[in-house]
Amino acid sequence: MKLSSKLVKTTVSALALSAALSSASVFAAGQPGHLGKKQQTNSYSYRYIDVQLLGINDFHGQLDVTRNVGGRAAGRADYLAAYLKQRERENKNTLLVHAGDAVGASSPVSALLQDEPTIEFLNKLGFDVGTLGNHEFDEGVDEMLRLINGGTHPKTGYFRGADFPYVSANVIDKKTGKPILPPYVIKKVKGIPIGFIGVTLSDTPSIVIPSGVAGVAFTDEAEAINEAVKQLKRRGVRAIVVLAHNPGVSNKDGSNASGEIVDIAKTVDDEVDVIFAGHNHAYLNAEVDGKLLVQSYSYGTAFSDVDLTIDRRTKDVVAKKAEIVTTYQDSIKPDPKITKFIDKYEAKVSPIINQVIGTAKTTISTEQNASGESALGNLIADAQRTAMKTDFAFMNSGGIRANIEQGEVTWGELYNVQPFSNQLVKMTLTGEQIRKLLNQQWQSNQTRMLQISGLIYTWDASKPIGDKVVDIYLPNGAKLDPNAEYTVTANSFLADGGDNFTVFTEGKSREVGPVDLEALIHYIQQLPQPFDAQIEGRIQQLR
Ligand SMILES: [Zn+2]
């Protein structure tokens, strides 16, 4: 938001150019054409203001993580910061927003400190408003509200919280029947009010552990948005932006927009101008029903730059466009203050993170073969079955977040593989229930292959949903007995029916064990080194 004179010099030509371009396009759209160029510029700047919204989604506390985007390094908080600051200098009417999952499934540098470093990072950048993703609920509502409002945690002590508001229109306190956070905020830019409404995936309870969402209900996103729009309109707000942790995707040119957020866009009041989406870590830059929809991948590898032209008389948005900008590291210098900030926290957690747990003979990948089996899935399922001493173990593929690279494997690397800190749960299921469970992998809108240990099975793609599993074998070659009882390990997410694996909720004699990461570390430590894991044909597709 600050404009230093040194930097004005370097950006002035770009600024002048963009002002000229946008005034030309606005005037072309119905303004008197006889005005001289100078008069146009003056009356333009009198009548219209240009507002820039810079947005991120699904940052997931990736403060120190560099990712590969098309063969180039991208991401890391200090590069993201440099890009955002560069854009801010181009327009002082800039607001920074995020559409949820800023924290949760984070890098250890953030996660080991309760994700306080990530909130502090957003504070440092001067974020203006954010909303809740599903991952904000990972450690429960109280801990989420502590990160936002400030408070004390036994591990980290006192934390002051976010310097910016979080908005949420559809997360309701079951006791009071009211939203747990303000449904919207109004930000004024040069006196013009802009409303920001937040909503979160109403499916959140099915993808977060039940204790995470205890005490709250998620209501329909579009209805909640429309209610907030009604209130904003009553307060004279005409420029309205929605931060929605709901998925959407489009082609680069804006065609073929699809996903939940597209349905929401079509349903909500036409006073909504822009929707920042999230959750599926995708590219989205499309106009749907007159609303501009954006999403910028995830992990800070990109951000959304939305440029609005607002008419001072009507206070409404008259022109809008967006660009999804990848934060390539080779195109900018990292922000030195944020580099220092990352270094400080890395030093704080480094003794834990750099501990070497073992040595991988080859890279052990999460990539599944056509049957649905992955080498890393096998390793993790074996680790969990060993830790809980059960007949079988089942692991959700979505909970495996990175490969194990060849060579020395540190605690930090394994953390990035299993960042959710789910506890393992032992339970008893019958053979028939296990068959039903495996058939639940094929869901009406998605296939979710479980990674398995202690059994082998075959499946047939030509068979209908609910009946794809053919034969299930025990390690000794005998078939699974539908009437026998078997002990099973799953993580707490699955054990509570996560990813719609409802059979797990029927499990008897439940017993909670260590956190998944701990089980994986102990398992690797006792393997002969260097260790390895392979696809072994545990899952076999017949046709
Ligand atoms: Zn999400």
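The values are calculated or read from the model by the stated rules, or taken from the named source; none is laboratory data. Quick caveat, the model's predicted, so the values are computed rather than measured. So basically every Cβ, Gly included, is an ideal-geometry build from the backbone, and we count neighbours across all protein chains shown. Just the protein is used for accessible areas: all its heavy atoms, side chains included, with ligands, DNA and RNA removed. Shrake-Rupley method; radii C 1.70, N 1.55, O 1.52, S 1.80 Å.
Residues that are more than 16 Å from the ligand (Cβ to nearest atom), open to solvent by 10 Å² or more (accessible area, probe 1.4 Å) and either of a type outside the set (Lys, Arg) or modelled with pLDDT under 95 (or both) are absent from the stretch 240-247 altogether. Only residues that are over 11 Å from residue 388 (Cβ atoms) and surrounded by 24 or more Cβ atoms within 10 Å (Cβ to Cβ): list them for the stretch 479-493, please. Selection gives 493 alone.
Go through the stretch 251-262 and give me each residue that's polar (S, T, N, Q) and within 16 Å of the ligand (Cβ to nearest atom). Correct list: empty. For the stretch 495-505, a tally of residues being part of a loop (DSSP other than H, G, I, E, B) and either of a type outside the set (D, E, K, R) or open to solvent by 90 Å² or more (accessible area, probe 1.4 Å) (or both) returns 2.
For the stretch 57-82, the set of residues classified as assigned to a strand (DSSP E or B) and open to solvent by 10 Å² or more (accessible area, probe 1.4 Å) consists of 66, 67, 68, 69, 72, 73, listed by residue number. Could you list, in sequence order, all residues of the stretch 362-399 that are crowded, with 22+ Cβ neighbours inside 10 Å, touching a helix residue (DSSP H, G or I) at 6+ places or on another chain (Cβ under 8 Å) and in a loop (DSSP other than H, G, I, E, B)? Within the stretch 362-399, just 374 meets the criteria.
Checking the stretch 150-168 against the condition returns no match, with no residue being within 16 Å of the ligand (Cβ to nearest atom), open to solvent by 40 Å² or more (accessible area, probe 1.4 Å) and in contact (Cβ under 8 Å) with a residue 40 or more places away in the chain.
Being among the acidic types (Asp, Glu) and in contact with a strand residue (DSSP E or B) (Cβ under 7 Å, 6 or more places away or on another chain): is that true of residue 460 here? Considered against the rule, which asks whether it is among the acidic types (Asp, Glu) and in contact with a strand residue (DSSP E or B) (Cβ under 7 Å, 6 or more places away or on another chain), residue 460 comes out as yes.
Taken over the stretch 263-282, residues that are within 16 Å of the ligand (Cβ to nearest atom) and assigned to a strand (DSSP E or B) amount to 2. Go through (1) within 18 Å of the chain's Cα centre (by Cα); (2) touching a residue at least 12 places away in the same chain (Cβ under 8 Å) for residue 68 and report which single condition fails. If we test residue 68 against (1) within 18 Å of the chain's Cα centre (by Cα); (2) touching a residue at least 12 places away in the same chain (Cβ under 8 Å), just (2) comes out false. Within the stretch 506-531, the set of residues being hydroxyl-bearing (Ser, Thr, Tyr) and either modelled with pLDDT of 95 or more or open to solvent by less than 80 Å² (accessible area, probe 1.4 Å) (or both) comprises just one member, 523. Of all the listed residues (346, 323, 287), the sole one being open to solvent by 30 Å² or more (accessible area, probe 1.4 Å), under 21 Å from residue 90 (Cβ atoms) and either out of contact with any Phe, Trp or Tyr (no Cβ under 8 Å at 6 or more places or on another chain) or not acidic (Asp, Glu) (or both) is 323. Residues that are open to solvent by less than 20 Å² (accessible area, probe 1.4 Å) and assigned to a strand (DSSP E or B) within the stretch 443-458 comprise 450, 451, 452, 453, 457, 458, listed in sequence order. Applying the set (1) in contact (Cβ under 8 Å) with a residue 60 or more places away in the chain; (2) assigned to a strand (DSSP E or B); (3) more than 30 Å from residue 113 (Cβ to Cβ) to residue 433 leaves exactly one unmet item: (2). Against the numbered list (1) touching a residue at least 40 places away in the same chain (Cβ under 8 Å); (2) open to solvent by 10 Å² or more (accessible area, probe 1.4 Å); (3) closer than 15 Å to residue 168 by Cα, residue 201 comes up short only at (2). Among the residues of the stretch 184-242, those that are assigned to a loop (DSSP other than H, G, I, E, B), β-branched (Val, Ile, Thr) and out of contact with any Asp or Glu (no Cβ under 8 Å at 6 or more places or on another chain) comprise 219, 237.
Exactly one of these conditions fails for residue 230: (1) within 16 Å of the ligand (Cβ to nearest atom); (2) surrounded by fewer than 15 Cβ atoms within 10 Å (Cβ to Cβ). Give me its number. The failed condition is (1). Looking only at the stretch 94-109, filter to residues that are part of a loop (DSSP other than H, G, I, E, B) and out of contact with any Pro (no Cβ under 6 Å at 6 or more places or on another chain); which one of those is farthest from the ligand (Cβ to nearest atom)? Out of the qualifying residues, it is 107. In summary, residue 112 fulfils each of the numbered conditions (1) within 22 Å of residue 200 (Cα to Cα); (2) more than 16 Å from the ligand (Cβ to nearest atom) with the single exception of condition (1).
Cβ-Cβ contacts under 8 Å between residues 6 or more apart (or on different chains), taken from a first residue in the stretch 222-238 that is assigned by TED's automatic domain parsing to the domain that holds residue 265 and closer than 18 Å to residue 277 by Cβ to a second residue that is modelled with pLDDT of 95 or more and of a type in the set (Phe, Trp, Tyr), are listed as 228/184.
Does the stretch 300-309 contain any residue that is at pLDDT 95 or above and either open to solvent by 50 Å² or more (accessible area, probe 1.4 Å) or among the acidic types (Asp, Glu) (or both)? The answer is yes; a qualifying residue exists. Open to solvent by less than 70 Å² (accessible area, probe 1.4 Å), assigned to a loop (DSSP other than H, G, I, E, B) and free of Cβ contacts under 8 Å to residues at least 60 places away in the same chain: is that true of residue 475 in this structure? No.
Of all residues in the stretch 122-149 being crowded, with 19+ Cβ neighbours inside 10 Å and in a loop (DSSP other than H, G, I, E, B), which is nearest to the ligand (Cβ to nearest atom)? The qualifying residue nearest to the ligand (Cβ to nearest atom) is 133.
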